[in-house]
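Single-structure report; data block below.
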Amino acid sequence: MFEFSSNTAKRRQKLALRVIVASAFVLLCFGILTYRLWVLQVERFQGFSERAENNRLTLVPIVPRRGDVVDRNGLVLARSFRDYTIEVVPGQIKSIDTLIEQLSEIIPMTSLDIRRFKRRLSGSHRYASVIMRHNITDDEAAIFAANSYRFPGVSLKARWVREYPQGESAAHLIGYIGRISEKDQERLEAEGLEGNYRGTEVIGKKGIEASYEEILHGKTGWEEVEISASGRPVRVIKRTDPIPGDNLRLSIDMGLQTMVEGLFNKSKTPERGALVAIDPRNGQVLAYVSAPSYDPNLFIDGIDVENWRRLSDSPDHPLVDRPISGTFPIGSTYKPFVALAALTLGVRDPQTRIPDPGYFEFGGQRFRNAGRAAYGPTNMHRAIVVSSDTYFFSLGPLLGVDNLHDFALQFGFGKKTGIDLPGEKRGILPSQEWKRQAFKDPKKQRWIPGETISVVVGQGYNSFTIMQLAQATATLAANGVYTKPHIVNWRENPVTKQAEQVVKTAEYTIPLKQSHIDLVSDALVGVNRSGTARRVFAGSNYVSAGKTGTAQVFSLRGARYNARNLDKRLHDHALYMGYAPADDPKIAVALIVENGGWGSTVAAPIARKVFDYWLAPDRQNVPEYVPSFLEDMTKEPGDESSPDVEVPEDAPVNPEDKKIPEAVPDILGPVTHQEQARREQLAPATPKVEG
């Protein structure tokens, strides 16, 4: 009995101990839960509350409307409009091919649409929204909305689309937009602009679209949207409206622009070349022509392979922006500036008559006039009017290449004019220092005095852009006042309805004597009255000043030039520079017709039509100008450049011009390494002398 009671007491003690341990454990667990609840609900409440809110809310970017571009009269050159798109999230689709097949039953899709879609798929991640088809009509949008339940992961959205209503007209000037590439993204990140491009798929690639990208793009807006657990939007909590980009009003006159383009793009005999017209009073560019051209609308959503090859493989190189990217020798159009240099540096009295037997002999070599013409005793005025090569040949040793370099640089030759377009080249304004840096072979680094003789008539190593020639002409017309050329004239804010003019004040004034300017200007008037361009400007109701020019593509080495025996692309370049009215210039023009022949019969008539149009009292009813003479290519005018000037076969380009990045467009289709290498090597089909 006693033993039984003792065992019972021990069992009670063990049971009590177990109860105490269990109770302690339970209390400990509750204590931990209470502490954890305190941490979650009190100490970390703010952080978890924000995370929960972020899971419930999302920020959706609102792409701003890109600014419009119009000409000086308000004609639209580039605009944006609303477009419906069908977009797909690849991560939510089981089979892309099945989706395409099923969706094609209700929304028509071309093979090009499908190729573009698959190309975009290859460059995006699984949960990014990819455009499947754009330009959805209202009827198609309604049909898809009624059937959207059948296509999870597919949505109907609206976007801004760029359009270029004028097509090929002024395409190099306006440029185009394209999809943002990896290089574009890296640049945006480096400049801290990636936040403003959230949701934006395109960016300016060329022309005004590129140089004024930040102004045209605007500022991205945001919507704070509440979403459900499944990711569906529930309601908009907060909205910050986007700020549209500024509209740009250009100084370009599309009436003048299209008229000149028509002169180059004749249906039977289209010409290659460039023309730039500038108002010398303020630097406004009135016309900017590069022929042939292209349609920028092809590049908006990525150009297809067929069109890209048609453009890139064309021997006429329509993608090259000739006024600022093509460099050429400018022939006799350089002579007015050489004459000014001689006057300013005092190397020759303008009234001094120099014998012109038809050639200039130097270093045992004869440099002949064009057409073997001989003008007899010639002073500076007559030398410019008849374009005596011999007279200017004789100035070469007196001036020296370095003095001519320093003088011509003031007019804009051999440097970027600063026009508000990307991709401008510096060209080549030769000097002894330039040659030492341009050639690696020590034997070729030394400047030979005879090379100066070719330089003073606009040949040799000279290689300038038509923009530089136009700017120099405008500076001469403005009596030496240098104003940077510009294309954008006004910035118009669509929100505030305010406009800001792009004011361009003169950068500097070249120290020239007015008497020297008057002498050269009078000679240029004589060119159009009684000189090489007299037949073209006969009967005009205004007085104009100008200079014709012909630049050789290759050296004839003493042989006689005969266009009939040469391939068209070996014909001389035809050039003209001038301004009007001569006493109060309102327009200055420089142009080139590549392989066009003589400047007096090919380039000057184009300039005449430009002057007629711009100076006509009523520009809407400008009478068609028809030359009062027949072009006779059998008779070579003795007014251009010599067949014996040196045309270097291995003239290098300016090393700084190689640094200009080229915007490679998105191309729909696979690109092989060989094809990519070919594109990178693709360059304008210009003769070697053009640098």
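The values are calculated or read from the model by the stated rules, or taken from the named source; none is laboratory data. Bear in mind that the values here come from a model prediction, so they are computed numbers and not experimental data. Cβ placement follows ideal geometry from the backbone for every residue including glycine, while neighbour counts extend to all protein chains displayed. Calculation scope for accessible area: heavy atoms of the full protein, side chains included, ligands and nucleic acids excluded. Shrake-Rupley method; radii C 1.70, N 1.55, O 1.52, S 1.80 Å.
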Quiz item: Can you pull out the residues in region 144-188 that are modelled with pLDDT of 90 or more and acidic (Asp, Glu)?
Solution: GLU163, GLU168
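Here is a yes/no grid of residues against (1) crowded, with 24+ Cβ neighbours inside 10 Å; (2) of a type outside the set (Lys, Arg):
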residue: ARG366; (1), (2): no, no
residue: HIS381; (1), (2): no, yes
residue: THR390; (1), (2): yes, yes
residue: PHE407; (1), (2): no, yes
residue: ASP420; (1), (2): no, yes
residue: TYR461; (1), (2): yes, yes
residue: MET467; (1), (2): yes, yes
residue: ALA470; (1), (2): yes, yes
Quiz item: Failed condition for MET109, given (1) under 28 Å from VAL69 (Cα atoms); (2) open to solvent by 20 Å² or more (accessible area, probe 1.4 Å); (3) of a type outside the set (Val, Ile, Thr); (4) not in a helix (DSSP H, G or I), with all others met?
Solution: (1)
Quiz item: Of the residues ARG235, ARG239, which single one is more than 26 Å from ILE606 (Cα to Cα), in a strand (DSSP E or B) and free of Cβ contacts under 8 Å to residues at least 12 places away in the same chain?
Solution: ARG235
Self-check item: Set PRO430, PRO397: member being more than 30 Å from ALA171 (Cα to Cα) and part of a loop (DSSP other than H, G, I, E, B)
Solution: PRO430
Quiz prompt | Residue within region 271-288 that is assigned to a helix (DSSP H, G or I) and touching a helix residue (DSSP H, G or I) at 6+ places or on another chain (Cβ under 7 Å) present | solution = no
Exercise. Return a yes/no flag: does region 424-445 have any residue that is surrounded by fewer than 24 Cβ atoms within 10 Å (Cβ to Cβ), under 28 Å from the mean Cα position of the chain (by Cα), closer than 30 Å to LYS205 by Cα and free of Cβ contacts under 8 Å to residues at least 24 places away in the same chain.
Key: no
Quiz item: In region 338-376, which residue that is in contact with an Asp or Glu (Cβ under 7 Å, 6 or more places away or on another chain) and part of a loop (DSSP other than H, G, I, E, B) is modelled with the lowest pLDDT?
Solution: ASN369
Self-check item: LEU319, sole failed condition from (1) open to solvent by 50 Å² or more (accessible area, probe 1.4 Å); (2) under 30 Å from ARG116 (Cα atoms); (3) at pLDDT below 90
Solution: (3)
Exercise. Go over the candidates LEU421, LEU469, LEU404 one by one and state the one that is in contact with a Leu (Cβ under 8 Å, 6 or more places away or on another chain) and not in a loop (DSSP other than H, G, I, E, B).
Key: LEU469
Quiz item: Taking region 449-469, which residues are out of contact with any Ser or Thr (no Cβ under 9 Å at 6 or more places or on another chain) and modelled with pLDDT under 90?
Solution: PRO449, GLY450, GLU451
Exercise. Quick one: in region 70-106, of everything that is among the aliphatic types (A, V, I, L, M) and part of a helix (DSSP H, G or I), which residue is surrounded by the fewest Cβ atoms within 10 Å (Cβ to Cβ)?
Key: ILE96
Quiz prompt | Qualifying residue in region 486-497 (condition: open to solvent by 40 Å² or more (accessible area, probe 1.4 Å) and without any contact (Cβ under 8 Å) to a residue 24 or more places away in the chain) | solution = yes
Practice problem: Return yes or no: is ASP301 at pLDDT below 90, of a type outside the set (Ser, Thr, Tyr), touching a Lys or Arg at 6+ places or on another chain (Cβ under 6 Å) and not in a helix (DSSP H, G or I)? | Solution: no
Practice problem: Would you point out the residue of region 438-457, among those that are assigned to a loop (DSSP other than H, G, I, E, B) and of a type in the set (D, E, K, R), that is farthest from GLY414 (Cα to Cα)? | Solution: ASP441
Practice problem: All but one of (1) open to solvent by 30 Å² or more (accessible area, probe 1.4 Å); (2) touching a strand residue (DSSP E or B) at 6+ places or on another chain (Cβ under 8 Å) hold for SER332, so report the exception by its number. | Solution: (1)
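Yes or no, residue by residue, for (1) in contact with a Pro (Cβ under 8 Å, 6 or more places away or on another chain); (2) polar (S, T, N, Q):
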site	(1), (2)
ILE384	yes, no
SER387	no, yes
PHE393	no, no
PRO397	yes, no
GLY400	no, no
HIS405	yes, no
Exercise. Please state which one of VAL347, VAL401, VAL386 is open to solvent by 20 Å² or more (accessible area, probe 1.4 Å), under 38 Å from the mean Cα position of the chain (by Cα) and not small (Gly, Ala, Ser).
Key: VAL386
Exercise. Restricting attention to helices (runs of 4 or more DSSP H) lying wholly within region 124-227, give those where 2 or more residues are closer than 30 Å to LEU256 by Cα and hydrophobic (A, V, I, L, M, F, W, C).
Key: 171-174, 207-211, 213-217
Quiz item: Is at least one residue of region 136-156 touching a Leu at 6+ places or on another chain (Cβ under 9 Å), open to solvent by less than 40 Å² (accessible area, probe 1.4 Å) and either within 21 Å of GLU209 (Cβ to Cβ) or among the basic types (Lys, Arg) (or both)?
Solution: no
Quiz prompt | All positions within region 59-96 that are more than 23 Å from ASP138 (Cα to Cα) and over 29 Å from the mean Cα position of the chain (by Cα) | solution = LEU59, VAL60, PRO61, PRO90, GLY91, GLN92, ILE93, LYS94, SER95, ILE96
